[in-house]
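So the structure is just underneath, and the comments pick up after that.
FYI, it's all coordinate maths here, none of it is from the lab. Remember, it's a predicted structure, so these values are computed and weren't measured experimentally. Neighbour counts run over all protein chains shown; Cβ positions are idealised from the backbone, glycine included.
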Amino acid sequence: MKFRIARRTLLAAALSLPALAAVAAPLVLGFSQVGAESEWRSANTASIKAAAKEAGVTLKFADAQQKQENQVKAIRSYIAQKVDVIAFSPVVESGWDTVLKEAKAAGIPVILTDRAVKVADPSLYVSFIGSDFVEEGRRAGRWLLERAAKTPNASLNIVELQGTVGSAPALDRKKGFEEVIKGNPKLQIIRSQSGEFTRAKGKEVMEAFLKARDKKIDVLYAHNDDMAIGAIQAIEEAGLKPGVDIAIVSIDGVRGAFEAMKAGKLNVTVECNPLLGPQLMQLARDVAAKKPVEKRITVNEGVFPAEVAAKELPNRKY
Ligand code: GZL
């Protein structure tokens, strides 16, 4: 009798093995995030966390507080934990070759999200999913060209709040904007400085721009909405009307920008979509399953002038 039960138990166990094997262990994704510097970043983090939960992916998440050394530490810890895939949004473009070589040597594929890196060997990452920042800068420039064309003979002095020094969005948004306005005698950038993508620093730098009274400021070009919102406070405290005395063109398309446009304090925002979570989870699964993936995946984005802000605001997802 005993023998028969044992045999039946063994048989049942043997039959269930393929079923067990079919329910593979959840994918483990190690993610290093830039920080929590802006509304855009918060929406990006929320999208990644929600998508991981939805996809049944085990997410290990680290906030680097905008410091590259913290991202390198986080990537090294994911290598030590032998995660299946590593993904990160690199705070700056350079300085990644060594740690990405360590990930490659450990056989762990790396996905770039949001921002790009400059590395000698592009095989150090399998795919980069994120916006085209040069095009975002061009879109900001094109909006200003159209506005300038409506104000005949006016020459417009532009001040520029750049993003984080050395970051792909700061470098590329500057490049795209200048590509469009160059050669136009009516448009000149008279001052340009980093506001580090934050409201506080954006306000502080705009205050300094306003204090240097040598040239009238007609336009602010901000590399993200958070710096523009900080600058709006500085402009108001200087007794000027943002969006009227100083036209403001910005990038991201966060809720705060739509509210500022509704209030007549911001003139246009160029969308930069932070909701990359679902695409990242699918990409991580495909990479883990060794399926071929696109090296460069971009996201669709629009341009939202103040005239459409009120209508659009209820539709915004971030
Ligand atoms: C752009 C992203 C930038 C946003 C900022 O994809 O890297 O970083 O424009 C954020 O708001 O801080």
Considering the range 73-98, residues that are buried (at least 23 other Cβ atoms within 10 Å of the Cβ) and either free of Cβ contacts under 8 Å to residues at least 40 places away in the same chain or among the aromatic types (F, W, Y) (or both), and then whichever is farthest from T164 (Cα to Cα), we arrive at Y78
What tally of residues in the range 112-132 results from selecting those that are more than 15 Å from the ligand (Cβ to nearest atom) and not in a loop (DSSP other than H, G, I, E, B)? 4
What number goes with the only condition from (1) touching a strand residue (DSSP E or B) at 6+ places or on another chain (Cβ under 9 Å); (2) more than 21 Å from F304 (Cβ to Cβ) that A228 does not pass? (2)
Based on this model, can you work out whether Q282 counts as farther than 19 Å from V34 by Cα and touching a helix residue (DSSP H, G or I) at 6+ places or on another chain (Cβ under 6 Å)? no
Being acidic (D, E) and assigned to a helix (DSSP H, G or I) is the filter here, so list the residues in the range 21-76 that pass it. E39, E54, E69
What number of residues in the range 165-206 are buried (at least 20 other Cβ atoms within 10 Å of the Cβ), part of a helix (DSSP H, G or I) and small (G, A, S)? 4
Unmet criterion (only one of (1) farther than 23 Å from G253 by Cβ; (2) aliphatic (A, V, I, L, M); (3) away from the ligand (no atom under 16 Å from the Cβ); (4) not in a loop (DSSP other than H, G, I, E, B)) for L144: (1)
Of all residues in the range 158-199 being of a type in the set (K, R) and more than 14 Å from V249 (Cβ to Cβ), which is farthest from the ligand (Cβ to nearest atom)? K186
